[in-house]
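One structure below.
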Amino acid sequence: MPTEANCPFCHPKDRVLKENDQARVILSNPRKVPGHFLVIPKRHVEKPWDLQPEELQGIFELIFFIEQRIIGKLGDGVDIKQNYRPFMKQGRLKVDHAHFHVYPRSWEDYLFQMSEKYETDLFVDLDDLERKEIEKLLK
Ligand SMILES: [Zn+2]
């Protein structure tokens, strides 16, 4: 069972590139592309919805800082991604401490060539029955 004691994001050591009172920035290792950052709350939180408003503010201040620094240098745009995957075991590709991925993007870049170009076939038109069933979840 992962705990704060053995959590790599609670103990980032010398990986911290930038921080504020609430969160830290490190480079993802392994990474998908050069400039793949992780923004991590300082408090050990597994479920992102358990983050406090001030933690979210600190996290997004760092995300927007990174975006402004890398656009035009590492890419022409940015993706921000947050995964919650309790069905996966903690390991090199998954840490049970909430975090946000930030990485540079450009037109038909490496990520597009390696995976996203195959995802275009996933898009289908939303039908009314499906829309109504899923809308119920938010009521
Ligand atoms: Zn942690």
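Values quoted throughout were computed directly from the atomic coordinates according to the rules given, and no laboratory measurement underlies them. Quick caveat: nothing in here was measured; it's all calculated off a predicted structure. Because the Cβ atoms are built from the backbone with ideal geometry, glycine has one as well, and the counts that use them run over all protein chains shown.
Table for the structure above
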read-out	value
From Gln90, Gln52, Gln68, residue being on the phi < 0 side of the Ramachandran plot, within 16 Å of the ligand (Cβ to nearest atom) and without any contact (Cβ under 8 Å) to a residue 24 or more places away in the chain	Gln52
Sole exception among (1) within 16 Å of the ligand (Cβ to nearest atom); (2) within 14 Å of His101 (Cβ to Cβ); (3) free of Cβ contacts under 8 Å to residues at least 40 places away in the same chain; (4) among the hydrophobic types (A, V, I, L, M, F, W, C) for Val16, by number	(2)
Positions within the stretch 19-49 being more than 16 Å from the ligand (Cβ to nearest atom) and buried (at least 16 other Cβ atoms within 10 Å of the Cβ), in sequence order	Val33, Gly35, His36, Phe37
